[in-house]
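Heads up: the structure comes next, in C-alpha cells.
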Amino acid sequence: MDSILSWQGLDVDLAVPVGREIPPKTLQWLMQHAEQKMRPLIYQVQDPDVSVLEKNPLTLAYGPPAFQEWVLEQEQQGNKLW
C-alpha cells in the first residue's frame, strides 16, 4: 500500500472523525500506535465553539516537535497535506 503522506522518510498516519471528534479511546489507541510504529499522526477535530460541522476541521499533529511545526507551517501557508 502506498502512503498518502510522508515526512522525512516516515509514512504519516491520517485520522479523520466521522462526527465531531475521534472518540477519546480511539484517539489514545492511534497515538500509542503512532509511537510504537514510529509513524507521525495527523488527526482532525471539529471546533468545539462551532455548532455546525465544518468542511475544514481543525488539523492537529502528533509526533516529534519538528513534525508538529512542519504541519503548522503547511497549514499557515495554505498547503494541502493530502
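The values are calculated or read from the model by the stated rules, or taken from the named source; none is laboratory data. Just so you know, these numbers come straight off a predicted model, no measurement behind them. Virtual Cβ from ideal backbone geometry, glycine too; neighbours counted across all protein chains shown. Each accessible area value is taken on the protein alone, full model and side chains, heavy atoms only, with ligands, DNA and RNA left out. Shrake-Rupley method; radii C 1.70, N 1.55, O 1.52, S 1.80 Å.
Quick look at the values:
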quantity	calculated
Flag if Glu75 is under 12 Å from the mean Cα position of the chain (by Cα) and open to solvent by 60 Å² or more (accessible area, probe 1.4 Å)	yes
Residues (within 11 Å of the chain's Cα centre (by Cα) and either at pLDDT 95 or above or of a type in the set (Val, Ile, Thr) (or both)) located in segment 44-59	Val45, Thr59
Selection within segment 38-82 - touching an Asp or Glu at 6+ places or on another chain (Cβ under 8 Å), charged (D, E, K, R) and under 17 Å from Gln8 (Cα atoms)	Arg39
Segment 1-34, residues that are open to solvent by 100 Å² or more (accessible area, probe 1.4 Å) and either within 22 Å of Leu53 (Cβ to Cβ) or assigned to a helix (DSSP H, G or I) (or both)	Val18, Glu21, Lys25, Gln28, Trp29
Residue ID - nearest to Gly19 (Cα to Cα), chosen from residues in segment 35-81 that are acidic (Asp, Glu) and assigned to a helix (DSSP H, G or I)	Glu75
Cross-chain or 6+ apart pairs with Cβ under 7 Å, segment 50-68 first and within 16 Å of Leu81 (Cβ to Cβ), then among the acidic types (Asp, Glu) and open to solvent by 50 Å² or more (accessible area, probe 1.4 Å)	Thr59/Glu75
Conditions (1) without any contact (Cβ under 8 Å) to a residue 24 or more places away in the chain; (2) in contact with a strand residue (DSSP E or B) (Cβ under 8 Å, 6 or more places away or on another chain): number failed by Met31	(1)
